[in-house]
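What follows is one structure encoded as structure tokens, with my remarks underneath.
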Amino acid sequence: MLLITVISALLFAALNFPDDMVLVAWIQVALAAFAAGLLVVVRRTQRVQTWCLCFMLVLLSATLLLLSRPEISTYAFIWLLIIPLVTHLLLGSRLGLLLSLGYMGVGGGIFLYRFSGDPELVRVEVLSNVVIAALTTLGLSHFYERTRERSERKLMHLATVDPLTGLANRMRLNDVFQWERAQARRNGTPLAVLMLDLDHFKRINDEHGHEAGDTVLVAFARMLRERLREIDLISRSGGEEFLVLLTNTDGKRAVAVAEELRQRLEQLAIEYQDKVLKVTVSIGVADYGPDGMDLDTLSRIADERLYQAKENGRNRVCGGPAVGARVAPVTAVGV
């Protein structure tokens, strides 16, 4: 869009200078320079949406300024019809609709002010066609953008959420970890990872069927959501294995949280048909910094400690002070 603006504004300026439309041409040159400057800015910033809004305000204001000039012909007002297309494309359905209504309305007011004395241009049938065409373009642009946004949200949900439990999947976990790691580095705040695996889960599937296993997984996921904070990310790694990212939580506190989750699940009665299913969990804890600085390393260390907990009898929490350390299981007081 910025490239198109630079090229088209310079082209119009080149056409207007020979026709002695000097002020109009210089406005177009200024618009081209502004768009060229934004080309540099948007490649170096993460605030693209803010600059899109800034660009649209300048572009549309310049368009209305040009349309208000007496040397601009009536044919130039056709450009008002592209406003909904561009605003919805760059700003989305809500801001796109607001800016379209505002600037198209002002543009229509400028047209009536300039040509109200020309009966051929302000005839009811002419104005009716213009208004219907403008509203049709606006309506189709808005409908298309709303549909696209809904589809994008649906695809994002499918791509980042486990369909059975409604928890985050590995893709979502990776994205959130990158953000939380940046926050931890910037603010010096702790971060911890829990790896959780349900004990003897295969036995539940073998004895009661896979539907019973799904019921257990859903109940476990619900319990995790209820007991953990909203700022913590809970993800299902696959099968009966889960990974929790605890923000602003050091290793010692993470072990205490893990122990509280272990005890809560041990006490939980999961109803399935006419049965009550009981299940326990083994948990490994990794501490960001002492145990690693990236998600793969932290997951590996937490997984090693998880299997230490399994080897030491299951239904327990295992944490340790350093990468790869083979430490005894640590059981903390519930919080």
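Pop the C-beta distance of L164 and I78 into the FRET formula with R0 = 56 Å and round what comes out to the nearest 0.05.
On the way: r = 53 Å, r/R0 = 0.95.
Efficiency, rounded to the nearest 0.05: 0.55.
Sort out for me the Cα centre separation of region 69-106 from region 246-262, rounded to whole Å.
Centre-to-centre (Cα) distance: 54 Å.
Using only the alpha-carbon atoms, how far is helix 251-267 inclined from the longest principal axis of the chain? Give it as 0 to 90 degrees, nearest 10.
Taking the Cα atoms of the chain, the angle to 251-267 is about 70 degrees.
Compute the helix-to-body angle for 210-227: its Cα long axis versus the longest principal axis of the chain, expressed 0 to 90° and rounded to tens.
70 degrees
What's the magnitude of the charge dipole for region 170-318 around its Cα centre, counting Lys and Arg as +1 and Asp and Glu as -1 at the beta-carbon? Answer in Debye, nearest 20.
Once rounded to the nearest 20, the dipole reads 360 debye.
Report, to one decimal in Å, the Kirkwood hydrodynamic radius for region 170-318 based on all distinct Cα pairs.
15.6 Å
Between Q267 and R94, what is the spin-label point distance in nm, taking each point 7 Å from the Cα along the Cα→C-beta axis?
Roughly 4.1 nm, to one decimal.
Among the listed pairs K275/K310; K252/K278; K154/K252, which are separated by more than 30 Å between their Cα atoms?
Violating the 30 Å limit, Cα to Cα: K154/K252.
Taking other Cβ within 10 Å of each residue's Cβ, how do L245, L64 sort, fewest first?
Numbers: L245 24, L64 17.
Placing the least packed residue first, the sequence is L64, L245.
Could you work out how far helix 22-42 tilts from the main Cα principal axis of the chain, as a 0 to 90 degree angle to the nearest 10?
Between the helix axis and the principal axis of the chain, the angle is about 10 degrees.
Residues of region 156-171 with amide nitrogen under 14 Å from the 7 Å Cα-to-Cβ point of H210?
So the set is 164.
Determine ³J(HN,Hα), in whole Hz, for all residues of region 181-190 in sequence, where each value follows from phi through the Karplus function 6.51 cos²θ - 1.76 cosθ + 1.60 and θ = phi - 60°; x replaces Gly and Pro.
Couplings: 5, 4, 5, 5, 5, 5, 9, x, 8, x Hz.
Search the structure for amide H atoms under 5 Å from the amide H of L277, placed 1.01 Å from N in the peptide plane, and list their residues when 5 or more places away or on another chain.
I270, E271, Y272
Would you mind ranking F220, F77, F17, F143 by Cβ crowding within 10 Å, fewest neighbours first? Could the numbers behind the result be given before it?
On the way: F220 24, F77 19, F17 15, F143 12.
Result, fewest neighbours first: F143, F17, F77, F220.
Could you tell me which GluC sites (Glu not before Pro) in region 92-192 are loop residues by DSSP with no more than 12 other beta carbons within 10 angstrom of their beta carbon? If you can, show how the numbers build up before the last one.
Details: sites: E120, E125, E145, E149, E152, E180; in loops: E120.
Answer in residue order: E120.
Could you give the Stokes-Einstein D for the chain in µm² per second, using the C-alpha Kirkwood radius, 37 °C, 0.692 mPa s?
The estimated diffusion coefficient comes to 132 µm²/s.
5 Å is the cut-off here: which amide hydrogens, built 1.01 Å from N in the peptide plane, fall below it relative to V161, excluding neighbours closer than 5 in sequence?
N169
Viscosity 1.567 mPa s, temperature 4 °C: Stokes-Einstein D of region 45-160 from its Kirkwood Cα radius, in µm² per second?
83 µm²/s
Could you pull out the longest piece of the chain with no exposed loop trypsin sites (Lys or Arg not before Pro) in it, calling a site exposed if DSSP puts it outside H, G, I, E, B and it has at most 15 other Cβ atoms within 10 Å?
124-228
Fewest first, what order do E230, E266 take by the number of other Cβ atoms within 10 Å? Don't jump to the answer; show the numbers that get you there.
Values: E230 6, E266 12.
Final ranking by Cβ density, sparse to dense: E230, E266.
Once you have a ≥ b ≥ c as the square roots of the Cα gyration tensor eigenvalues for region 103-194, tell me rounded if a/c is under 1.5, and otherwise prolate or oblate according to whether a/b is larger than b/c. Mind dumping the intermediate values first?
Values: a/c = 9.36, a/b = 2.77, b/c = 3.38.
Oblate, since a/c reaches 1.5 and b/c is not below a/b.
Readers should treat all values here as calculations from the given coordinates under stated rules, not as data from a laboratory. Owing to the predicted nature of the structure, the values given are computational and were not obtained by experimental measurement. Neighbour counts run over all protein chains shown; Cβ positions are idealised from the backbone, glycine included.
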